[in-house]
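Here is the structure we will look at.
The values are calculated or read from the model by the stated rules, or taken from the named source; none is laboratory data. Everything numeric here is computed off the predicted structure, so don't read it as measured data. Using ideal geometry, Cβ is built from the backbone for each residue, glycine included, and neighbour counts are taken over all protein chains shown.
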Ligand code: MRU
C-alpha cells in the first residue's frame, strides 16, 4: 500500500494541499488552501489536525503568507507575515507544534536580507520541517518498537498516526515499526468522542495498511484492561510540560486505568512537542463548540438549553507515564524533560 501523505506544499501554484480529515472514512478527498485564512479554517474545523501535522501546517502557512505577499519593503512584508502567523497560531492553543512550526520559519526568514530571499527561505525551511518530520516518526517508531513485546494487544486513543504527521505517525509509528520488525501486534482503538478521530481516522489508516484493528467506545477500555485484554497503551501528545502530558480528552482516564491494572502506559512524541518551561497549570486547554457534543450523525443528542463541556485535551501527570518515546531517546521516571536532547536543526526553546 502506498505511503499515506497528509499535507504538502504545491510550489508551482503556491498552495497547501491536504487530506480533508473531516470527510474520512466516508470519502477521501484532497483539499487546497490558497490563503492563510483558509488554512486557519481547515485547522479550526480539524480538516488538518494532530500535533506534528499542525507543526507542518504552521511552517507551510508562513511560507504561503510570505510567497503570496505583495508588500514592497522588507519591514512591511515581514510584519504582515508575522501578523498572519500570529492569527494562525491562535487557532489551536494547546498543541505546541503549531507555534513551533511558525516560529521556525519566521526565524529563518529573519536571517535573510530581501523579500525574494525570504520567500525562498520560508519555503525551503517549511519543506525541511516536513522532511524531518518523516524521519523523526521513523526514529520514534524504531525506538518505541523495542518497548512492545511480541504478540501484544495495544490500546490507543485518538489518532497519532500518519494522518496526524507528514507520514508514518508517532504512536501508530511505534506500532507500524513493531510490526515491520516482525512482531504480532493487534490494536484496540477507542472511538474518541466527540469527534471520533479513533474510529474514523485511526481505524481507517490501520485497516488500509492491513493492521489488525478493533474499535471500542471510550468507556469500554477499563473493562478490557480488567479482563487482561490489553498489553500496553500508547498515545501521542499535543504538549509535554515538565509535569504532564497533554493529549486528546480521555487520555488521562486510560492512564489512570492502566496504572491500576499495572499495564504500561507509553507516550510517543517528537521533541518539538516539548514545552521545556511549561507546567500543567500554565496551559490553555482549548474549549470547543457545543455542537460537537450535542449532536451525533447530524441529529440532536442533548436537549436545547442543557449546557455541555467540551475541553479538547486533558493532562496526564508524568507519574502515570511509563515512558516517553522521542526521536532522540526514551525517557522514563524520574522525568526531567530538560534533559531531552534536541535535534541539531531545532531552534533551542529552553
Ligand atoms: O484534536 P486533535 O485531533 O488535533 O487531537 C490530536 C491528538 O490529541 C493527538 O493524539 C496528538 O495531536 C498527537 S498526534 C501525533
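Tabulated results
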{"quantity": "Yes/no for residue 193 being within 16 Å of the ligand (Cβ to nearest atom), surrounded by fewer than 24 Cβ atoms within 10 Å (Cβ to Cβ), within 16 Å of the chain's Cα centre (by Cα) and in the same structural domain as residue 236 (by TED's automatic domain parsing)", "calculated": "no"}
{"quantity": "Failed criterion for residue 223 (all others in (1) within 27 Å of residue 331 (Cα to Cα); (2) away from the ligand (no atom under 12 Å from the Cβ) hold)", "calculated": "(1)"}
{"quantity": "Residue 126 vs. criteria more than 14 Å from the ligand (Cβ to nearest atom) and buried (at least 24 other Cβ atoms within 10 Å of the Cβ)", "calculated": "yes"}
{"quantity": "Selection within the stretch 294-315 - outside any loop (DSSP other than H, G, I, E, B) and within 14 Å of the ligand (Cβ to nearest atom)", "calculated": "311, 313, 314, 315"}
{"quantity": "Number of the exception - residue 230 against (1) part of a helix (DSSP H, G or I); (2) touching a helix residue (DSSP H, G or I) at 6+ places or on another chain (Cβ under 9 Å)", "calculated": "(1)"}
{"quantity": "Unique match (being touching a helix residue (DSSP H, G or I) at 6+ places or on another chain (Cβ under 7 Å) and away from the ligand (no atom under 16 Å from the Cβ)) among 163, 148", "calculated": "148"}
{"quantity": "Residue 46 being more than 11 Å from the ligand (Cβ to nearest atom), under 16 Å from the mean Cα position of the chain (by Cα), outside the structural domain of residue 237 (by TED's automatic domain parsing) and closer than 23 Å to residue 237 by Cα", "calculated": "no"}
{"quantity": "Verdict on residue 61 being touching a strand residue (DSSP E or B) at 6+ places or on another chain (Cβ under 8 Å), outside the structural domain of residue 173 (by TED's automatic domain parsing) and either in a helix (DSSP H, G or I) or over 30 Å from residue 205 (Cα atoms) (or both)", "calculated": "yes"}
{"quantity": "Enumeration of residues in the stretch 49-80 that are under 26 Å from residue 30 (Cα atoms), more than 15 Å from the ligand (Cβ to nearest atom) and in contact (Cβ under 8 Å) with a residue 40 or more places away in the chain", "calculated": "59, 60, 61, 62, 63, 64, 66, 67, 68, 69"}
